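Contents: one structure, followed by commentary.
The values are calculated or read from the model by the stated rules, or taken from the named source; none is laboratory data. Quick caveat, the model's predicted, so the values are computed rather than measured. Heads up, the Cβs are rebuilt from the backbone with ideal geometry, glycines too, and the neighbour counts pull from every protein chain shown.
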Amino acid sequence: MIDDLNHFWERIHHVLLDMDGTLLDRYFDDYFWEHYLPNIFAKKNGLPEAEALDHLLSRYKQREGTLDWTDLDFWSTQLDLDIPALKLSIDHLIKVHPFVIAFLNFCRRTGKRVFLVTNAHGKTLDIKMKKTALTGYFDRIVCSQEVGMAKENPLFWEKLGGIIPYDPDHALLADDTEAVLASAQLFGIRELIYVARPSSRKSPEPSLNFRSIHYFSELIPE
């Protein structure tokens, strides 16, 4: 908990927000990559679903923390499947977390510059922004492909400064991935918030290393 939210916000000029798991319910992504896609892959390749899942999880792991991990074109080629079309087929599962809209409105009302900074591929971003209509809440949206590296790389945050004007000493970053927060910490971003409830279907798991929240309502002064 933050004892004095008003004092906390006096220091913040720029708000950097992750998308999947932070603003949006990660259940969609977990279900897609761990259940829906393995089922499709198993049927296509004549495999038991458990074997298909193990195979895909191993391939995911090899690309974790790289641009390939979120690149839908990469996975479409690798798996010989139309990944964007498959995502669209279950886009009804894309949901905005509770209190996110209230938080975004608070940020805009108080004059903060708000940036969506995501590792998500551009095609994923298009699908989710069309479904959620969140685009207008941001001063700028930056995908890691534009920067040339994933957010887990500390150099990402330096290169980001060449795309959007932000002061790390007066910035807040909220993300549901500790490795991303750790890289931002190395760069010098002042306020780091870990979203401990990325999926509505899983129990919250607060970080031992970063200030944690379950909902963005915890950052809105009364």
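Out of Ala102, Ala42, Ala85, I need the residue that is farther than 23 Å from Met19 by Cβ and among the small types (Gly, Ala, Ser). Which one?
Numbers: Ala102 fails: farther than 23 Å from Met19 by Cβ; Ala85 fails: farther than 23 Å from Met19 by Cβ.
Checking each option against the conditions leaves just Ala42.
Out of all the residues in the range 1-27, which are under 27 Å from Lys112 (Cβ atoms) and outside any loop (DSSP other than H, G, I, E, B)?
Let us first name the residues in the range 1-27 that are under 27 Å from Lys112 (Cβ atoms), namely 1-26.
The answer is Leu5, Asn6, His7, Phe8, Trp9, Glu10, His14, Val15, Leu16, Leu17, Asp20, Leu24.
Of the residues Lys130, Lys123, Lys151, which single one is without any contact (Cβ under 8 Å) to a residue 12 or more places away in the chain and either farther than 17 Å from Thr22 by Cβ or buried (at least 22 other Cβ atoms within 10 Å of the Cβ) (or both)? Before you say what the answer is, go through the steps one by one.
Values: Lys123 fails: without any contact (Cβ under 8 Å) to a residue 12 or more places away in the chain; Lys151 fails: without any contact (Cβ under 8 Å) to a residue 12 or more places away in the chain.
After applying the criteria, what remains is Lys130.
Within the range 37-53, which residues are surrounded by 12 or more Cβ atoms within 10 Å (Cβ to Cβ) and over 27 Å from the mean Cα position of the chain (by Cα)?
Result: Ala42, Lys44, Asn45, Leu47, Glu49, Glu51.
Here are Leu116, Leu81, Leu56, Leu104: which of them is part of a loop (DSSP other than H, G, I, E, B) and either modelled with pLDDT under 95 or surrounded by 14 or more Cβ atoms within 10 Å (Cβ to Cβ) (or both)?
On the way: Leu116 fails: part of a loop (DSSP other than H, G, I, E, B); Leu56 fails: part of a loop (DSSP other than H, G, I, E, B); Leu104 fails: part of a loop (DSSP other than H, G, I, E, B).
Within the list Leu116, Leu81, Leu56, Leu104, the selection yields Leu81.
Is it the case that some residue within the range 125-137 is basic (Lys, Arg) and farther than 26 Å from Pro204 by Cα? Before you say what the answer is, go through the steps one by one.
In the first step, residues of the range 125-137 are kept if they are basic (Lys, Arg); the result is 128, 130-131.
If we keep only those that are farther than 26 Å from Pro204 by Cα as well, we get 130.
Yes, there is a match, as at least one residue in the range 125-137 is basic (Lys, Arg) and farther than 26 Å from Pro204 by Cα.
Filter the range 6-31 down to residues that are touching a helix residue (DSSP H, G or I) at 6+ places or on another chain (Cβ under 7 Å) and either among the β-branched types (Val, Ile, Thr) or surrounded by fewer than 18 Cβ atoms within 10 Å (Cβ to Cβ) (or both) and give me whichever is farthest from Leu181 (Cα to Cα).
Within the range 6-31, the match that is farthest from Leu181 (Cα to Cα) is Tyr31.
Which residues, taken from the range 59-78, are exposed (fewer than 14 other Cβ atoms within 10 Å of the Cβ) and among the aliphatic types (A, V, I, L, M)?
Result: no residue meets the conditions.
Could you grab me the full set of residues in the range 147-157 that are touching a helix residue (DSSP H, G or I) at 6+ places or on another chain (Cβ under 6 Å) and part of a helix (DSSP H, G or I)?
Val147, Phe156, Trp157
Which of (1) surrounded by fewer than 19 Cβ atoms within 10 Å (Cβ to Cβ); (2) in contact with a Phe, Trp or Tyr (Cβ under 7 Å, 6 or more places away or on another chain) does Arg190 not meet, given it meets every other one?
Tallying (1) surrounded by fewer than 19 Cβ atoms within 10 Å (Cβ to Cβ); (2) in contact with a Phe, Trp or Tyr (Cβ under 7 Å, 6 or more places away or on another chain), Arg190 fails exactly one: (2).
From the set of residues in the range 163-213 that are of a type in the set (S, T, N, Q) and either part of a helix (DSSP H, G or I) or under 17 Å from the mean Cα position of the chain (by Cα) (or both), which is nearest to Arg11 (Cα to Cα)? Before you say what the answer is, go through the steps one by one.
Step one: list which residues in the range 163-213 are of a type in the set (S, T, N, Q), which gives 177, 183, 185, 199-200, 203, 207, 209, 212.
Those still in the list that are either part of a helix (DSSP H, G or I) or under 17 Å from the mean Cα position of the chain (by Cα) (or both) too: 177, 183, 185, 199-200, 207, 212.
Numbers: Thr177: 23, Ser183: 21, Gln185: 17, Ser199: 30, Ser200: 31, Ser207: 23, Ser212: 19 Å.
Among those residues, the one meeting the criterion is Gln185.
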